[in-house]
1. Read through the list (1) part of a loop (DSSP other than H, G, I, E, B); (2) charged (D, E, K, R); (3) in contact with a helix residue (DSSP H, G or I) (Cβ under 8 Å, 6 or more places away or on another chain), then give the number of the only condition that residue 193 fails.
2. Within the set of pairs 6+ apart or on separate chains, which have a first residue in region 22-34 that is within 27 Å of residue 385 (Cβ to Cβ) and assigned by the TED database to the domain that holds residue 328, a second that is of a type in the set (Val, Ile, Thr) and modelled with pLDDT of 95 or more, and C-beta atoms under 7 Å apart?
3. Would you please name the residue that is nearest to the chain's Cα centre (by Cα), looking only at residues in region 1-47 that are open to solvent by 10 Å² or more (accessible area, probe 1.4 Å) and of a type in the set (Asp, Glu)?
4. Can you find a residue that is of a type in the set (D, E, K, R), surrounded by fewer than 20 Cβ atoms within 10 Å (Cβ to Cβ), in contact (Cβ under 8 Å) with a residue 40 or more places away in the chain and within 22 Å of residue 393 (Cβ to Cβ) anywhere in region 50-67?
5. For residue 183, indicate whether it is assigned to a loop (DSSP other than H, G, I, E, B), outside the structural domain of residue 309 (by the TED database) and open to solvent by 30 Å² or more (accessible area, probe 1.4 Å).
Amino acid sequence: MESFDPAELPELLKLYYRRLFPYAQYYRWLNYGGVVKNYFQHREFSFTLKDDIYIRYQSFNNQNDLEKEMQKMNPYKIDIGAVYSHRPNQHNTVKLGAFQAQEKELVFDIDMTDYDDVRRCCSSADICSKCWTLMTMAIRIIDRALKEDFGFKHRLWVYSGRRGVHCWVCDESVRKLSSAVRSGIVEYLSLVKGGQDVKKKVHLSEKIHPFVRRSINIIKKYFEKYALVDQDILENKENWDKILALVPEAIHDDLQKGFQQSHSSLQRWDYLRKLVSSQNIKNDKCGPWLEWEIMLQYCFPRLDINVSKGINHLLKSPFSVHPKTGRISVPIDLHKVDQFDPFTVPTISSVCRELDVISTGEKEKEENETESEIKHKIRDYKKTSLAPYIKVFEQFLENLERSRKGELLKKSDLEKDF
């Protein structure tokens, strides 16, 4: 991946907001077909400018208004908030207590730093291909549940630009959910519980919920390569002691003996599984759920609950640029989750450079074109490596629109019946 120089960011952002940001698609998304009056106008945006200057309660009349402001301010980061009872940019003129967050997409934020107790390759803001598998599993597990267990149709997954992923659930009924219902959904999706001092963070019983079973089935596809080979979680005594802390003391001695005689994480895991299933017959504390508890503690998604339950909580916008890595927050194609690589995501420097190369070649062509030919030019982003990601976003928007039309048709049919 090419290097990114943060000192160049102000100039690069100018070019990006002027020629590459997908304003039309972005407005199409947040306007939701203009079905609800003032839906877009009542939406909060917040901008983080150079030197961490933070401006909340921005709102815009239309796409043109948004475009002008973004090109004037060149924000380092864009966050999207709730749809309020009044225009956010007029919140100071509204009677105290009357300005209320009314609707927002249900959002999820999964950050790699929350896995620092179980990943060995990196820590804090660092990521590599070995630990990125955690994000792949998280998307697969959470997305399956949102789709199959809750029946949510419109789910946009976005790379955060550095070390995590975000999900926006955009169904009309979901945007209206109360904070209490949102909390209930996140609670359902959370299995890893307890802070740094809590060693054993997953507790299962004999009655395994179908959500847990289905999640385990997804983890099984990745566990051997991710946990036993790449992370090597049973490589040495220091590491296997962490796993001993998660199982009943009654089998500690046997495990220690077996682990010392084995030569790799793969062999040690195999030994643990065999021991647990043989103990299962003699000991009611041992069951297959023991090995599942370990798998879940090491691999299950860790959600930031507060981000999801608060309606007025802000979340970084898709197509925002990460000021430290220069990577663009691009949508993730759900059909290619396993192929998604954060290190090949377009950076602001790479797309601006692609634009420069194209522009130089086109200047010569333009001199020979008529005005009507110039008007029909291809959008700039379509000529850069941003194009496939905007296509993913457009497919998401098409599904939203198709669904909206279907609902409107259903409504008009019902009215006809009366």
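1. With respect to (1) part of a loop (DSSP other than H, G, I, E, B); (2) charged (D, E, K, R); (3) in contact with a helix residue (DSSP H, G or I) (Cβ under 8 Å, 6 or more places away or on another chain), residue 193 is out only on (3).
2. Close Cβ pairs (under 7 Å, with a partner that is of a type in the set (Val, Ile, Thr) and modelled with pLDDT of 95 or more) amount to 22/390; 25/390.
3. 2
4. Yes, region 50-67 contains at least one residue that is of a type in the set (D, E, K, R), surrounded by fewer than 20 Cβ atoms within 10 Å (Cβ to Cβ), in contact (Cβ under 8 Å) with a residue 40 or more places away in the chain and within 22 Å of residue 393 (Cβ to Cβ).
5. no
The values are calculated or read from the model by the stated rules, or taken from the named source; none is laboratory data. Quick caveat: nothing in here was measured; it's all calculated off a predicted structure. Neighbour counts run over all protein chains shown; Cβ positions are idealised from the backbone, glycine included. Protein only, heavy atoms only, side chains kept; ligands, DNA and RNA dropped before computing areas. Shrake-Rupley method; radii C 1.70, N 1.55, O 1.52, S 1.80 Å.
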